[in-house]
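Colleague: Encoded as structure tokens, here's the structure I'll be asking about.
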């Protein structure tokens, strides 16, 4: 990550034009990384991380609209998640050394065009389903000291809680997850890993207000248009 220095300036939050807090070379999105979701879907617990790559051009920010794609008419799902931001180049890093390479954590709404994934039975379109413009919502900020142990994710739709799950239920917790991914590919500074979601992910209606809150990390809010 680039060097930075706090100048001590203060700006009112309502005066900020929010941007994604990082510009990654790649975004890795986990699938079926929570025991509760695997149990609900009556699926086996994966032996290794299952993931797709999301286009960096899909990223959007806190308070920015999530836009319905012009080329897709099916259901669009919200997925509240913890996101990890890499701080130092990772290549075959063992779990004990992962925290030395982790810059920090942020919040994600891993928006997905769910019906598109199986539209063509010969090829699962995971990357396309997650790579429409504005579908990769990150923010509001990166917390370099966040401790995920004991924290839970809460996703609210128009003020009603739809997801409430503990991060401790992860099948591959962050240090093991980043280590395993670094054995698959080189992770560069700024790369983002979405840790996956649990039960409660549902389609959004246009006009819905979505809030993803992680205890001690903050609230990420967007409107689906």
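The values are calculated or read from the model by the stated rules, or taken from the named source; none is laboratory data. Model, not experiment: these values are computed from the prediction. So basically every Cβ, Gly included, is an ideal-geometry build from the backbone, and we count neighbours across all protein chains shown.
Colleague: Picking from 28, 16, which residue would you name as being more than 21 Å from residue 203 (Cα to Cα), within 18 Å of the chain's Cα centre (by Cα) and surrounded by 11 or more Cβ atoms within 10 Å (Cβ to Cβ)?
Modeller: The conditions single out 28.
Colleague: Inspect the stretch 87-101 for any residue being over 22 Å from residue 22 (Cβ atoms), surrounded by 14 or more Cβ atoms within 10 Å (Cβ to Cβ) and modelled with pLDDT of 95 or more and give the result as yes or no. Spell out how you get there, then give the answer.
Modeller: We begin by selecting, within the stretch 87-101, every residue over 22 Å from residue 22 (Cβ atoms); these are 92, 94-96.
Now restrict to residues that are surrounded by 14 or more Cβ atoms within 10 Å (Cβ to Cβ): 95.
Cutting the leftovers down to modelled with pLDDT of 95 or more gives us 95.
Taking every residue of the stretch 87-101 in turn, at least one turns out to be over 22 Å from residue 22 (Cβ atoms), surrounded by 14 or more Cβ atoms within 10 Å (Cβ to Cβ) and modelled with pLDDT of 95 or more.
Colleague: Need the failing condition index for residue 115 against (1) surrounded by fewer than 21 Cβ atoms within 10 Å (Cβ to Cβ); (2) under 20 Å from residue 28 (Cβ atoms), just the number.
Modeller: Going through (1) surrounded by fewer than 21 Cβ atoms within 10 Å (Cβ to Cβ); (2) under 20 Å from residue 28 (Cβ atoms) one by one, residue 115 breaks only (2).
Colleague: Considering only residues that are in contact with a strand residue (DSSP E or B) (Cβ under 9 Å, 6 or more places away or on another chain) and in a strand (DSSP E or B), which ones fall in the stretch 157-169?
Modeller: Selection gives 157, 161, 162, 163, 164, 165, 166.
Colleague: Give the residues of the stretch 141-156 that are outside any loop (DSSP other than H, G, I, E, B) and either modelled with pLDDT under 95 or crowded, with 19+ Cβ neighbours inside 10 Å (or both), sorted by residue number.
Modeller: Going through the stretch 141-156, the residues outside any loop (DSSP other than H, G, I, E, B) turn out to be 141-143, 152-156.
The answer is 142, 153, 155, 156.
Colleague: Which residue pairs have Cβ atoms closer than 6 Å, lie 6 or more positions apart in sequence or on different chains, and pair a first residue in the stretch 19-47 that is in contact (Cβ under 8 Å) with a residue 60 or more places away in the chain and on the phi > 0 side of the Ramachandran plot with a second residue that is surrounded by 21 or more Cβ atoms within 10 Å (Cβ to Cβ) and part of a loop (DSSP other than H, G, I, E, B)?
Modeller: none
Colleague: Does the stretch 180-205 hold any residues that are more than 14 Å from the chain's Cα centre (by Cα) and either crowded, with 20+ Cβ neighbours inside 10 Å or at pLDDT below 95 (or both), and which are they?
Modeller: Residues satisfying the conditions are 181, 182, 187, 200, 204.
Colleague: Given the criteria surrounded by 14 or more Cβ atoms within 10 Å (Cβ to Cβ), under 26 Å from residue 115 (Cα atoms), free of Cβ contacts under 8 Å to residues at least 60 places away in the same chain and in contact with a strand residue (DSSP E or B) (Cβ under 7 Å, 6 or more places away or on another chain), does residue 59 qualify?
Modeller: On the way: surrounded by 14 or more Cβ atoms within 10 Å (Cβ to Cβ): yes; under 26 Å from residue 115 (Cα atoms): yes; free of Cβ contacts under 8 Å to residues at least 60 places away in the same chain: no; in contact with a strand residue (DSSP E or B) (Cβ under 7 Å, 6 or more places away or on another chain): yes.
Judged against the criteria, residue 59 is not a match.
Colleague: Right, next: Determine which single condition residue 168 fails, assuming it passes every other condition in (1) within 25 Å of residue 43 (Cα to Cα); (2) touching a helix residue (DSSP H, G or I) at 6+ places or on another chain (Cβ under 9 Å).
Modeller: (2)
Colleague: Out of all the residues in the stretch 91-121, which are part of a loop (DSSP other than H, G, I, E, B) and under 28 Å from residue 200 (Cα atoms)?
Modeller: Within the stretch 91-121, 111, 113, 117, 118, 119, 120, 121 meet the criteria.
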